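Please treat every number below as a calculation from the coordinates, not as lab data. Bear in mind that the values here come from a model prediction, so they are computed numbers and not experimental data. Neighbour counts are summed over all protein chains in view; Cβ atoms, including those assigned to glycine, are modelled from backbone coordinates with ideal geometry.
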Amino acid sequence: MFMTLDPLYFIMVMPALLFTLWAQFKVKSSFAKYSKERTTNGITGAEAARQILQREGIHDVRVEQVSGHLTDHFDPRDNVIRLSESVFGSSSVAAVGVAAHEAGHAIQHAHGYAPMKLRAAIIPATGFGSKLALPLIMIGFLMGMYGLVNLGILLFGTVVVFQLVTLPVEFNASSRALAALEGNVMLTNTEIYGSKKVLTAAALTYVAALAASLAQLLYFVMRSRR
């Protein structure tokens, strides 16, 4: 409550939060737009992912369907690409682009891509920090226990570091995806343009999330010093 009433919060954090909302709208609208455009060769998202993996010499990664919308992800623990219902069996430009992106993550994992290994290493600390940071900061402010505030800020910093490391992982996966689609002549130039628009919009959500977290971290630091 005190944050929402604090003018400093509106000045520092609200613009970043609005940017986040705009980025989420952008990715949904881009996906919806290019979901209506079908690939010339009729390849589906699942087929595209499998072909990319095969041509990279990766044969131990499964491609499965998962429920939900835009719930696509690569799980390195189970070595499986999980594609949402709107991607797995769809032959749209958007679906193939998203599937290729997740295949890009699988390629990163297979090749030992350093930023991806770093992100995996800090996930436990990030999970711990994301759960405790805000409660500690709130309790610390309300009770005047600034040791708790500083501890919460430190834990919140792990979330920011995780999001910072995520950026090169996501951008690189998209770069690998587009290179594979173009190099293997899986899509036409026009279709690759559409896939790129979807992946660029998706990458923007990670940039927005980082911006919002950085703004909140800076706000908490400045607020604690006041």
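Annotations for the structure displayed:
- Listed residue (ALA120, ALA95, ASN150) projecting farthest to the positive dipole end of the chain, Cβ model: ASN150
- Fraction in percent of alpha-carbon pairs per bin - 10 Å, the chain: 8, 29, 30, 19, 11, 3, 0
- Working note: Karplus 6.51/-1.76/1.60 with θ = phi - 60° gives the stretch 172-177 the couplings 5, 4, 5, 4, 5, 4 Hz, where Gly and Pro are set to x.
- Exposure proxy ranking, count of Cβ atoms within 10 Å, fewest first, for MET138, MET116: MET138, MET116
- GNM on the chain, alpha-carbon springs under 10 angstrom: the most fluctuating residue among LEU132, LEU142, LEU18 is LEU142.
- Calculated FRET value between PHE10 and VAL161, using beta carbons and R₀ = 41 Å, to 0.05: 0.95
- With neighbour counts taken as other beta-carbon atoms within 10 Å, the residues VAL66, VAL98, VAL169 rank, fewest first, as VAL66, VAL169, VAL98.
- Low-density loop positions, trypsin sites (Lys or Arg not before Pro), the stretch 45-103 - DSSP coil, at most 15 other Cβ in 10 Å: ARG77
- Cβ charges +1 (Lys, Arg) and -1 (Asp, Glu), total dipole of the stretch 7-225, debye: 540 debye
- Cβ-defined net charge surrounding VAL93, 12 Å radius [Lys, Arg +1; Asp, Glu -1]: +3
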